[in-house]
Amino acid sequence: MTPSGTEVRAVSAAARAALPELVATFLARRPGATDVGAVHLLDAEVVVPGRPGVIDVVARVEGADGHLAHVALGVRVSLEEVRFLPDGDEPVLGTLTDDDGPALVFEATRDPELAAMLLEQVSGESVDAALVRPLHEDSGSITLAMEDRVAFTAFHDVVDGPRPEIELLRALDDAGFNHLAAPLAVWRRAGRDLGLVQECLSGASSGYALALTSVRDLYAAGGPPELAGGDFGAEAHRLGTMAARMHLSLDKAFGRRPGNVGRWAEDIEAILRPRRPHLLERPDIEELLSQLRTLQVPSQAIRTHGDFHLGRTCRTEQGWYVVDFSNGGLPVAPSGVVPDEGASGTEPAPLAFRSPLADVADMLWSLAHVAKTAADERDPSGRDGLVELADAWVARNRRALLAGYLGVPGISGLVPPGRDALRVVTDSFELVRRVLHETPVA
């Protein structure tokens, strides 16, 4: 799946001298950019030679995090006939001169022709440049849809060594989990993952958008949620089934470790105390954590998604898919973690094993978050009394999701036995997720 290597050639000394400033300009134009520190070139290769061409660059940026930046730079003699993909910014980053002469420089993924040429070098896939369009972009990456059959992601932030999310994606694919966009190739050089090529999920609808539409329909129509035009119950059940299959595949790929339920209670208290100390004095929270601490049940820890909410999923005609593994399996709510061997301190190791019910709790929280978002949108003052409708929608879809999850053969071996134990563990993890959403980690 990973190409043996792209055809590259060395960058001339004159061009190398210009690259740090070009990278700094690129970084300064990224969404949410702050002051860019000094840029030090680490690796540069001519991936597509000539004019038009592509010079691929990895550089270290000075600053608090000292992160590695990656950008594929397009070079052309003239931009007169270029149809840049829309982004609202000035496309030209600067100029350079190399063995092919002077050139204007820009981000290669903004140029459909060069993006198609780059894709072919990375993966061997040939596409029509006229059918290249932007699919998603944030500060860390850009994803292009190519002929609506290939999705090509170029990472702007890279690390020394493999990216955890690609490791997770490939492990799930190898384990037979087919609720994901199949990885077709990994763009890798000098041990760093620079990009990813996957199948494109045409006609996909965001899980968050589908749930939001459902609860909006309920607020407009009133009555029981199962009678509303956009009832989400059947989809929540299928979503739960997919989540269980993901966990079984992760168990197959990475194995499991015994969990320590009492330790999980300590983790949760440590998270709540600096953020919402008053919650630890509430009788219901005291009772919940007491029940968690005294549970005498076996529980397993596996690699999990780590940040499993509706926005990480999508629905196509073929079913539900997990479309975002960008957290690489590291949990947003670091409770229920069994540290990896060799780890020190209380922080989760790069391979964090935890209860699969923490992922389930993330999704349960996500359902409640959607209902609240829709209520605040429709009735900011709260005068319309949507609370009962919201509670009914959330309760119905929680039941459906848990029924789908627990109904998958084999999942009982990964979760604590008994209805009460399941309730205590999921409610505890959901509490953490809610608190962390309200009070982000500093």
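When segment 169-194 is filtered for residues that are of a type in the set (Lys, Arg) and over 23 Å from Thr304 (Cα atoms), the ones remaining, listed by number, are Arg188, Arg189, Arg192. Residues that are crowded, with 18+ Cβ neighbours inside 10 Å and either in contact (Cβ under 8 Å) with a residue 24 or more places away in the chain or over 27 Å from the mean Cα position of the chain (by Cα) (or both) within segment 122-136 comprise Val122, Ser123, Val132, listed in sequence order. Apart from one condition, Val415 fits all of (1) closer than 19 Å to Val297 by Cα; (2) in a helix (DSSP H, G or I); (3) touching a Pro at 6+ places or on another chain (Cβ under 7 Å); the exception is (2). Considering Leu144, Leu184, the condition of being assigned to a strand (DSSP E or B) and in contact with a Phe, Trp or Tyr (Cβ under 7 Å, 6 or more places away or on another chain) is satisfied by Leu144 alone. Among the residues of segment 404-419, the ones that are closer than 18 Å to Gly336 by Cα and in contact (Cβ under 8 Å) with a residue 40 or more places away in the chain come to 6 in all.
Being over 29 Å from Val370 (Cβ atoms) and modelled with pLDDT of 95 or more is a property that Phe152 has. Looking at segment 250-273, I want the residues that are farther than 16 Å from Thr426 by Cα and have a partner that is among the aromatic types (Phe, Trp, Tyr) and crowded, with 16+ Cβ neighbours inside 10 Å with Cβ atoms under 7 Å, at least 6 apart or on another chain. Which pairs are those? Pairs found: Arg257/Phe353. Checking each residue in segment 375-409 for being of a type in the set (Gly, Ala, Ser), outside any helix (DSSP H, G or I) and under 18 Å from Leu239 (Cβ atoms) picks out only Gly407. Determine whether Ala116 is closer than 29 Å to Asp307 by Cβ, in the same structural domain as Ala18 (by TED's automatic domain parsing), out of contact with any Lys or Arg (no Cβ under 7 Å at 6 or more places or on another chain) and modelled with pLDDT of 95 or more. Answer is no for this residue.
Taking the options Asp217, Asp251, name whichever one is surrounded by 13 or more Cβ atoms within 10 Å (Cβ to Cβ) and in contact with a strand residue (DSSP E or B) (Cβ under 8 Å, 6 or more places away or on another chain). Matching residue, one of Asp217, Asp251: Asp251.
The values are calculated or read from the model by the stated rules, or taken from the named source; none is laboratory data. Everything quoted here is computed from the prediction, not taken from an experiment. A quick note on method: Cβ atoms are made from the backbone with ideal geometry, for glycine too, and the neighbour counts reach across all protein chains shown.
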